[in-house]
Every structure is written in C-alpha cells, then in structure tokens.
Amino acid sequence: MNSENKKDRSMEKTGTGYEPDEMAWRLRIFDALSYPSVVISTQKNILGANKKFFETYGLTKEDILGKHCFQVFLYKDTPCNSQECTLARVIKDKKALSYTLKHHYKWEDRVFSPILNDQGEVDFVIFSIRDITRTKSLENQLIGVKEFMTQVIYSSASAIVAADRKGNITLMNSVAKELFGDYNGVEGSIRHTEQLYPPGKAKEIMNMLRDEKIGGKGKLIIPRTNIVNANGKELQVEMSAAIIYDDKGNETATMAIYNSLEDKLKVEKKLKDTQKQLAQSEKMASLGQLAAGVAHEINNPLTGVLFYAGLLLEREDLAEDVREDLGYILEDANRCKNIVKSLLVYSRSTDSNKRVVQFNEVIEQSLRLIRDQKKFRNIKIKRHLADEMMLINADTSKLNQVIINLVINAADAMKGYGKISLYSYKNKIQKKVYMEIKDTGEGIPRENLSKIFDPFFTTKEIGKSTGLGLSIVYGIIEEHGGRINVKKTGAKGTTFIVQLPLYVPREELGPLCRPAD
Ligand SMILES: Nc1ncnc2c1ncn2[C@@H]1O[C@H](COP(=O)(O)OP(=O)(O)O)[C@@H](O)[C@H]1O
Ligand SMILES: [Mg+2]
C-alpha cells in the first residue's frame, strides 16, 4: 500500500491521517500534556483536544469537535480576517508562533505548532495554552525587588561603588559620584577601582578582602583610609567592602561603601584646638597666681633691701669702693623691683584704669613712646590703620605696654634690620577690633609656639631679657576680654594678632528692661 492510500483510509477512520492504533498512542501522549491543547485542521476545524483542555474549560467533545476555532474561542460565526489570524500565518510560514496574553487576570503563553506531513505541508496545528501567571507574578516581584534595591542604593547617604571581577566599575550611586568628584562635566571619568585609591592601594584592599584572617573571607571594614577623588585630592573615609560570590563560590563582583570622615575630622580638630586653648588659659591662670604670690613675697624684703641700702648710701663716712659696691646693690635691687612690678601686672594684681578710647590713638601713642629708641634706627614701621572710629574700653597705659612689647619683640627678631607693619581694623557684626603686628624676622620655631606666653620663657641672651614680655601682654589682653595669638610664623617673619571687644554705647544695646505695656 502506498502512503497516499494509507493516508486516505486513515483520514476516513480518524480524520487525522493516522492509523487507529497509531492515533490512540499519539492521543495518549497528547492527553498526558499538562497544559490544555487542541488540534486544529488547516480548514480551522477542531479535530481534537487533550484531557487537560476539557478539564480546564469544562467542555465536552460535543462542544468542540468538528466546530471551527473561531466559533469555540471567539464565539463568532465567520472566520477572522486572514491578516489577524495566527493560525493562517502558521500554516503559511510553516513555523511555530507564540504570543503572551493577559486574559482575565491570568497570563497565558499561546503556542501554535504546525505538524507537517511527508510533503512538508502543514497537516494540522496544535494550539496549546500555557498558564504563566505564576512565572509572570514572580517576574514582576523580581522587577519590584530590583527596583527597590536600586532605590535603596541610590538613596543611600553612604557612597556605594560596585565593580566587576576585573575592577571595572559597574555602579556608582550619586553620593559616590559626589565623593569621588565624578560628576559635572567629568561624569564617567572614573572607570576602574584603581582610580579610587592612591597607587597600589586597590590591590592591597583586594588582598585584605580575600584574607580570611582580616574581617572574614570576602569582607573588610577599614575605619580610616584614604581615597583619591577625580582631582587627585586624597580624602579620608571609613570604608566597608565585600566580594560577591556566585552559588559555586566563584568571585563575580566587588562592592564598597564609603563614608567621608572630612566633617568628623574638622569637628575633631576644632575640639582639639579648643582644648589646647583651654589648657593654655588654665596654665596662664595658675602661673599668674604663682607669680603674684612670689612677687608679693619678694616685694617686702626687697623694699627692706632698697630702704637700708639707700640709708647706708647717705652716710658720709663711707669709703669710695664701698659706696661704689652699694651703688651696684641698689641698681640690681631696682632691677628686681622692676621684675616684681612686671610680675604683678602679668598676674593682674595691679589696679586697672579703664576708659573709652579710640583704638588707633592708643597705637599711635605707643609708637611715639618708642620713636627715638636706638633699637629702631634701621627699622621701618608702616601703619595700615583703619580709617574709622574704633572705640574700646581700655587701660591706655597697659595697652601701651602690650604694643611696645610686641614691637620690641618684632625688632629683636629682625636683629635690628627690617620692616614692621601694623594693621588695625574692626568687625562690626562680631563687635571686635583687631590689631596685627607683622615683622620680617626669623620666625618662631614650632616647638616654641606653646611656650612663648610662659613667664620667663626667652630665647634671648640671659641677663638681657626677662622673658616676661609676652606673659604680661597675655595677662593684659585677657583682662580686657580679648585674645592674642600667633597668626602666622615662618622664615619670612611673624604676625601676631590681638583681638579686643569693640565698645558699644549703652543705647545701642537696647533697653535694659522691657518697656511697660
Ligand atoms: N616677633 C617675634 N618673632 C620671633 N620670636 C618671637 C617674637 N616675639 C616673641 N618671640 C619669642 O618669644 C620669646 C618670649 O618673648 P617675651 O615673652 O617677650 O620675652 P623676651 O622678649 O624677654 O624674650 C622670645 O624670647 C622669642 O623667642
Ligand atoms: Mg619681649
């Protein structure tokens, strides 16, 4: 029997072109399919359906067999337009086709598979409906989780950077872009993790990450380390990093979280400066007390020495050499008296005589007092005094001491040759007046900076200088509610800055009490 005849007979018996037992075997497989499927002829007649189809849609053989697909699936009496008909396309192209459809809250994959005969023509088409609602919902959940993770990464207050196995950067959130300066025109200039650190550091971090003994395998926390931004500037950060592994334990990526320490360091520095200042003023206060005590103790016997030495000197029967020695005693005792006087000024135990004065006037007055001194013969003094009213409430003679001391120190530092510049200005908002004394001297070595205001600290020849100048200056400025600091010092010279409260007349302070309603 040739195959043509066989097919014709089978067509009569089963309508499919297969022998009855072959058909039964095929139907068994068809029935075993877990998704609803129907067999449709090229004339769009439904030839059969599997068990799952009848179960799913609650239909019987009578409901569908021999009927047209458009009648069963679309409740229509006429076929669809051939351009819209998927079946027609499958038959024409002899290729399987599928599409995804949302149908009554369900997602379905509709698959059309052509069954070809020996001549390669389409005999019929199997149409399967696969419920992919669960897959779709998982897919949507995954998209949701992914979007959420992206939001978490991008809204994080920490800088986050991820890179692939070779160190190529795959993700940088906005904080990271800001931290590394990879934004505004230079966006994307950072491409590799090696660009994030000083030379050699990226490798070192990778080695530490892989080392089980440091923070566990694939994990690392460094409380303080340096990174490099797009401009090459090193910044201090706290960082934690991790290697991301796949199921099999292979490294797939790395990620790091950075928090800038710059603000924290600024606060720490400010705190340290304040502590230093506090320690300095405490030291000065206790030294002041000590100095006052010593000064008082020495003052009494010294008055005795001076008194009796003076009495002796008045005697006429003294030998000339004794008279001469007595003169030396008196001279040295007077020197001691001057030191004691200075100590008392430093420790603030002399009376104060404050009045409202023009700051520039006090400066000019002080300069007049030293004008003719030999020390200043080869020194140029330049004034840059603010051309405005700057009233202060001060003891003029004490402020004269401050200015003279500072100017003499400046002259000493220049060994008699150079330029001293004096500046005065005010800050109306902060209610402060300032004076700066700048010299072109040798500068103050760093290790001396914390000592220069101590009483008796001097680097000058012993016997020539007492080392009391700056301690007296410090005491007087404190007594006036001001501050004194070294603003700048180095090989080109030193600048001292003095700050004093600006005098504010009473009426500008506002009423002392609330006016009656
Ligand atoms: N303008 C300055 N330039 C360099 N060093 C200075 C300056 N002013 C003060 N010093 C240093 O501070 C020290 C203490 O100054 P001071 O208390 O006035 O004592 P003295 O002038 O008697 O040494 C000086 O010996 C000097 O080392
Ligand atoms: Mg001095």
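Worth pointing out:
- Scanning residues 5 or more positions from ASN173 or on other chains, those with amide H under 5 Å from its amide H are ILE160, with H placed 1.01 Å from N in the peptide plane.
- Counting every other Cβ atom within 10 Å of each residue's Cβ, THR440, THR42 order from fewest to most as THR42, THR440.
- Full-extension gain in nm, ARG110 to LYS264, via 0.36 nm per residue minus C-alpha separation: 49.3 nm
- Cα centroid separation, segment 126-149 to segment 189-238: 39 Å.
- Ranked list, fewest to most other Cβ atoms within 10 Å of each Cβ, for TRP107, TRP25: TRP25, TRP107
- Based on C-alpha pairs under 8 angstrom that are at least 6 apart in sequence, segment 266-346 has a relative contact order of 44 percent.
- Mean separation of Cα contacts under 8 Å (6+ apart) over length of the chain, as relative contact order %: 7 percent
- Phi to ³J(HN,Hα) by Karplus 6.51 cos²θ - 1.76 cosθ + 1.60 over segment 48-58, Hz, x for Gly, Pro: x, 8, 8, 4, 4, 5, 4, 5, 5, 9, x
- When both bridge partners sit in the chain, DSSP labels roughly 90% of those beta bridges antiparallel.
- Quotient of C-alpha Rg and 2.2 N^0.38 Å, computed over the chain: 2.09
- Close amide H contacts of ASP395 (hydrogens built in the peptide plane, cut-off under 5 Å, sequence separation of 5 or more or a different chain): ARG355.
- Set the Cα radius of gyration of segment 65-198 against 2.2 N^0.38 Å, with N its number of residues, and you get 1.86.
- Ordering VAL122, LEU235, TRP107 by the projection of their Cα atoms onto the charge dipole of the chain, which places +1 on the Cβ of Lys and Arg and -1 on the Cβ of Asp and Glu, puts VAL122 at the extreme positive end.
- Remark on segment 303-431: hydrodynamic radius 18.2 angstrom, per the Kirkwood mean of 1/r across alpha carbon pairs.
- Residue order, fewest to most surrounding Cβ atoms within 10 angstrom, among PHE307, PHE112: PHE307, PHE112
- Length-normalised contact order for segment 355-508 - Cα pairs under 8 Å, 6+ apart - percent: 25 percent
- A full extension of the chain between ALA253 and ALA386 corresponds to an added length of 41.5 nm, given 0.36 nm per residue minus the alpha carbon distance.
- Per residue, the convex hull spanned by the Cα atoms of segment 305-345 measures out at 47 cubic angstrom.
- The distance linking segment 446-489 with segment 251-293 is 23 Å (Cα centroid to Cα centroid, whole angstrom).
- For LEU261, residues with placed amide H under 5 Å, excluding near neighbours: GLN236, VAL237, GLU238
- Label zone of LEU142 (point 7 Å out along Cα→Cβ, amide N under 16 Å): in segment 238-262 this covers 247.
Read-outs: derived from the displayed coordinates by stated rules, not from any lab. This one's a predicted model, so the numbers in the text were calculated from it and none came from an experiment. Please note: Cβ atoms are built from the backbone with ideal geometry, for glycine as well, and neighbour counts cover all protein chains shown.
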